[in-house]
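A.B. asks: Quick one: this structure, given as structure tokens, is what I'll be asking you about.
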Amino acid sequence: MTLKEKSTPRRKREIEDILLHDETIFKNINAFDPDYLPENYQYRDSQMEALAVCIRPALKKGRPSNAVVLGSCATGKTTAMKKIFEMVERSSESVICCYINCQLHTTRFGIFSQIYQRIFGHYPPETGVPFSRIYQKIMQHIVSEKKALVVALDDVNYLFHSKNANKIFYDILRAHEVFPGARTGVFGILSDIEFRHALDKNVNSIFIPQEIIFQPYLREEIFNILKERTLLGFYPEVISDEILEEIVNKTSESGDLRVGIDLLRVCGNLAESEASRTINEKHLDEALKRTGPVSLSHTLNSLSKLENNLLELIINYKDGNLTAGILYELFLKKTNTSYSSFNRTLDKLEFLRLIDTKFTGKGIRGNSRLIILRFSQDEINKCMVQP
Ligand SMILES: Nc1ncnc2c1ncn2[C@@H]1O[C@H](COP(=O)(O)OP(=O)(O)OP(=O)(O)O)[C@@H](O)[C@H]1O
Ligand SMILES: [Mg+2]
């Protein structure tokens with residue numbers, strides 16, 4: 001088809017139809033967004049209660065208790081944290097709750113800029129103001145306004161890599177030594193139980209937390225959560241219980257609730273693009289293709305040369321357990337890059353969920369981290385574009 005043909009009035013009308021077509025099977029498409037906060041949040045009552053118990057003293061002019069929130073991926077940790085913070089802020093003005101994603105903010109300055117923004121409604125200037133001034137302004141504010149500060153550090157393991165965890169915990173938890181009357185607490189959120197003792201090691205004795213565990217959801221719970229999501233997101237009868245059961249099976253197999261939510265969204269989009277009023281088997285098959293290996297190949301093909309090099313070394317290592325220390329030696333030989341650049345590249349592969357790293361508790365500079373490939377060598381090779 002030529003360009004001229006493509007832009008005929010009829011073709012233009014068809015494209016406009018797709019864009020403006022106001023019939024939809026989605027009652028609320030945002031119900032499938034990654035950061036959607038469900039109104040009805042089931043199966044986590046005891047964890048929410050435990051979080052409330054930790055914050056409660058802060059509402060009574062006392063000091064909040066510290067907590068570590070543990071659980072594998074998509075068990076609702078971030079959701080629980082955000083929900084409890086919303087509840088606290090709705091019921092009291094005496095506690096400042098600050099949620100921070102440590103994948104995005106890893107430096108002292110970055111983290112305290114977030115706290116500053118939460119309190120004063122704007123960020124501090126990025127240059128020209130020393131960290132100590134920003135810190136002082138925050139702590140003086142909470143003392144003079146008689147407020148408590150509770151900071152949730154989500155995916156806190158990212159602070160171990162940048163070696164900032166100890167300083168940041170110290171800054172928050174020992175503020176009262178320099179600013180008498182400062183009441184502060186930290187909730188550290190971890191998605192890998194293996195990091196539990198790394199947390200102790202990284203923050204020494206300043207952080208003695210309550211442990212709050214988020215167990216994986218049972219199959220029946222996954223079904224009910226996804227069913228509820230379909231009722232929120234789709235109009236009635238768009239999806240049958242049979243198709244939903246299949247999605248629940250895939251979700252259960254993967255152990256990740258996000259897989260199910262993603263499948264629902266993609267199935268909905270596929271059905272809608274064909275102007276179908278219901279989701280059928282064909283849409284699910286296609287969605288499975290798109291959310292599985294296709295997304296893996298998309299990730300692999302977006303890697304930089306350095307990231308590719310590192311991944312290849314990991315794939316081809318055959319001599320037993322691979323630690324960060326061994327991997328760095330190999331990487332240095334192959335690319336002649338610095339340790340910090342190696343570390344950043346390794347973090348990026350983990351962030352992309354291509355690998356997992358687990359602390360073994362031994363070694364220096366994080367070199368004892370075990371490197372584990374999340375996909376089989378075959379799966380990765382199939383998806384990689386051959387040069
Ligand atoms: N009990 C629940 N009811 C309804 N939706 C839930 C529930 N638990 C989790 N979800 C949904 O599952 C998804 C993942 O939840 P969340 O981000 O809170 O998990 P997480 O434990 O923080 O995961 P990660 O460790 O990967 O950060 C979100 O879309 C959330 O809305
Ligand atoms: Mg989370």
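A.B. asks: Of the residues that make up segment 62-78, is at least one assigned to a helix (DSSP H, G or I) and within 16 Å of ligand 1 (Cβ to nearest atom)?
C.D. replies: Within segment 62-78, one or more residues are assigned to a helix (DSSP H, G or I) and within 16 Å of ligand 1 (Cβ to nearest atom).
A.B. asks: Given the criteria in a helix (DSSP H, G or I), more than 23 Å from the chain's Cα centre (by Cα) and without any contact (Cβ under 8 Å) to a residue 60 or more places away in the chain, does residue 142 qualify?
C.D. replies: yes
A.B. asks: May I pose another question? In the list 119, 115, 111, 84, which residue meets the criterion of being at pLDDT 95 or above, within 16 Å of ligand 2 (Cβ to nearest atom) and assigned by TED's automatic domain parsing to the domain that holds residue 132?
C.D. replies: The conditions single out 84.
A.B. asks: Please go through segment 201-247 and pick out each residue that is farther than 30 Å from residue 284 by Cβ and not acidic (Asp, Glu).
C.D. replies: 201, 202, 203, 204, 205, 206, 207, 208, 209, 210, 212, 213, listed by residue number.
A.B. asks: While we're looking at this one, here's another question. Need pairs with beta-carbon distance below 6 Å; first residue farther than 26 Å from residue 174 by Cβ and within segment 62-82, second part of a loop (DSSP other than H, G, I, E, B) and near ligand 2 (Cβ under 8 Å from one of its atoms); sequence gap 6+ or separate chains.
C.D. replies: Every condition considered, the pairs that remain are 73/191.
A.B. asks: Related question: Can you name every one of the helices (runs of 4 or more DSSP H) wholly within segment 177-275 that holds 3 or more residues which are more than 16 Å from ligand 1 (Cβ to nearest atom) and over 30 Å from residue 371 (Cβ atoms)?
C.D. replies: Hits in segment 177-275: 241-254, 257-273.
A.B. asks: Given 265, 258, 219, 229, which one is in contact (Cβ under 8 Å) with a residue 12 or more places away in the chain, more than 17 Å from residue 24 (Cβ to Cβ) and away from ligand 2 (no atom under 16 Å from the Cβ)?
C.D. replies: Just one listed residue meets the conditions, 219.
A.B. asks: I'm trying to understand the selection: among the residues of segment 43-61, which are modelled with pLDDT of 95 or more and in a loop (DSSP other than H, G, I, E, B)?
C.D. replies: 43, 44
A.B. asks: Let me ask something additional. May I ask you to say which residue of 78, 106 is under 30 Å from residue 231 (Cα atoms) and among the polar types (S, T, N, Q)?
C.D. replies: Checking each option against the conditions leaves just 78.
A.B. asks: If you check 314, 261, which single one turns out to be of a type in the set (A, V, I, L, M, F, W, C), modelled with pLDDT of 90 or more and touching a strand residue (DSSP E or B) at 6+ places or on another chain (Cβ under 8 Å)?
C.D. replies: Sole residue among the options that is of a type in the set (A, V, I, L, M, F, W, C), modelled with pLDDT of 90 or more and touching a strand residue (DSSP E or B) at 6+ places or on another chain (Cβ under 8 Å): 314.
A.B. asks: Can you tell me how many residues within segment 161-170 are surrounded by fewer than 22 Cβ atoms within 10 Å (Cβ to Cβ) and either aromatic (Phe, Trp, Tyr) or closer than 15 Å to residue 110 by Cβ (or both)?
C.D. replies: Total satisfying the criteria: 6.
A.B. asks: Tell me yes or no: at least one residue of segment 121-129 is touching a residue at least 40 places away in the same chain (Cβ under 8 Å), surrounded by 15 or more Cβ atoms within 10 Å (Cβ to Cβ) and outside any helix (DSSP H, G or I).
C.D. replies: No, segment 121-129 contains no residue that is touching a residue at least 40 places away in the same chain (Cβ under 8 Å), surrounded by 15 or more Cβ atoms within 10 Å (Cβ to Cβ) and outside any helix (DSSP H, G or I).
A.B. asks: I would also like to ask the following. Look at residue 93 and say whether it is over 28 Å from residue 340 (Cα atoms), acidic (Asp, Glu) and not assigned by TED's automatic domain parsing to the domain that holds residue 256.
C.D. replies: yes
A.B. asks: Filter segment 145-160 down to the residues that are within 16 Å of ligand 2 (Cβ to nearest atom) and outside any strand (DSSP E or B), then identify the one that is nearest to residue 107 (Cα to Cα).
C.D. replies: 159
The values are calculated or read from the model by the stated rules, or taken from the named source; none is laboratory data. Note that the structure is a prediction, hence the values are computed from the model and not measured. For neighbour counting, all protein chains shown are included, and Cβ atoms are generated from backbone atoms with ideal geometry for every residue, glycine included.
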